[in-house]
Amino acid sequence: MSDVVIHQARLYDIAAGAVFLGQRSRVYDRIVRHSRARPGERVLDLGTGTAYLARRMAAAVRPGGRVTGIDPSATMVRFAQRRVAADAEFRVARAQELPFDDGSFDLVVSCLAFHHVTPDDRPLALAEAYRVLAPDGRLMLADLRPPRNLVVKKVFRHGLESNPVDDDQVTAAGFELVARDESWPLLQLMLARRI
C-alpha cells in the first residue's frame, strides 16, 4: 500500500470546509492552542496540504518564528506557496524522508495528514519527526478518531483503516506523551515531547 497523495487543492479546501460545517477556523485555532506554539519557534507542518494549518501556525509564532510545510504533492505545495506570508516556506517531501538537519525545529505538527502515511511507514515518519526536533521539542498530531457511527465509518473509511495516532508508536520513537484530547466528534489530538 502506498501513501495517498492529493492533487486537487481547491476541491480539497472546499471539502474540508464542508466537513467542519463552517467551523474549520475555530477547530484549527484550537489545534494551534493545543500545540502550545510560541513566538520565535520554528515549526514543521507535515502534510501541509493547502497550508490552512501553516497559516495559523505562522501567526502564532510571530514575531521571529518560521513555518515550513512539506507535502508529497507538488500541486499542494504550489497552492500553499501562493497563500502564505513570507515567514513560511513549502517543499515537496514525505514525512518518512525529511530533508532537514537534526534539531531544525521546535515543533512538528500534522493535521489530518498522518492517516495518509501507510501504517508500515508511520514508525519511520515518527522517527524522522524526532530527529528533526530540538531537545524538548514537541510533536502535535491531530487526526481522525475512529467514530462509533456506522455511516461516518463508511464515509471516512480511508482514514480509519487503522488508528493513525498510536500511543505505543509515538513512545517507541522516543517521545513522552504530554496530552491527549479525544473530546471532538471526528478528531483526536496528541501532544508529545522529545526526550
*asked:* Where the second residue is assigned to a helix (DSSP H, G or I) and not hydrophobic (A, V, I, L, M, F, W, C) and the first is touching a residue at least 24 places away in the same chain (Cβ under 8 Å) and lies in region 23-41, which pairs have Cβ atoms under 6 Å and are six or more apart or on separate chains?
replied: 24/17; 28/56; 32/56
*Give the residue, chosen from 30, 56, 26, that is closer than 18 Å to residue 187 by Cβ, among the basic types (Lys, Arg), surrounded by fewer than 15 Cβ atoms within 10 Å (Cβ to Cβ) and at pLDDT below 95.*
26
*All strands (runs of 3 or more DSSP E) inside region 83-165 with 2 or more residues being more than 19 Å from residue 177 (Cβ to Cβ) and at pLDDT 95 or above*: 88-92
*What residue, of 137, 64, is over 15 Å from residue 35 (Cβ atoms) and among the small types (Gly, Ala, Ser)?*
64
*Which of the residues spanning region 41-82 are assigned to a helix (DSSP H, G or I), hydrophobic (A, V, I, L, M, F, W, C) and within 18 Å of residue 115 (Cβ to Cβ)?*
53, 76
*In region 92-106, what residues are surrounded by fewer than 16 Cβ atoms within 10 Å (Cβ to Cβ) and of a type outside the set (Asp, Glu)?*
92, 99, 103
*Pair list, Cβ < 7 Å and 6+ apart or interchain, from region 164-191 residues that are touching a residue at least 12 places away in the same chain (Cβ under 8 Å) and of a type in the set (Asp, Glu) to residues that are in a loop (DSSP other than H, G, I, E, B) and surrounded by fewer than 20 Cβ atoms within 10 Å (Cβ to Cβ)*: 176/195
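The values are calculated or read from the model by the stated rules, or taken from the named source; none is laboratory data. Since the model is a prediction, treat every value here as computed from it, not as a measurement. Glycine gets a Cβ as well: all are built from the backbone with ideal geometry, and neighbour counts include every protein chain shown.
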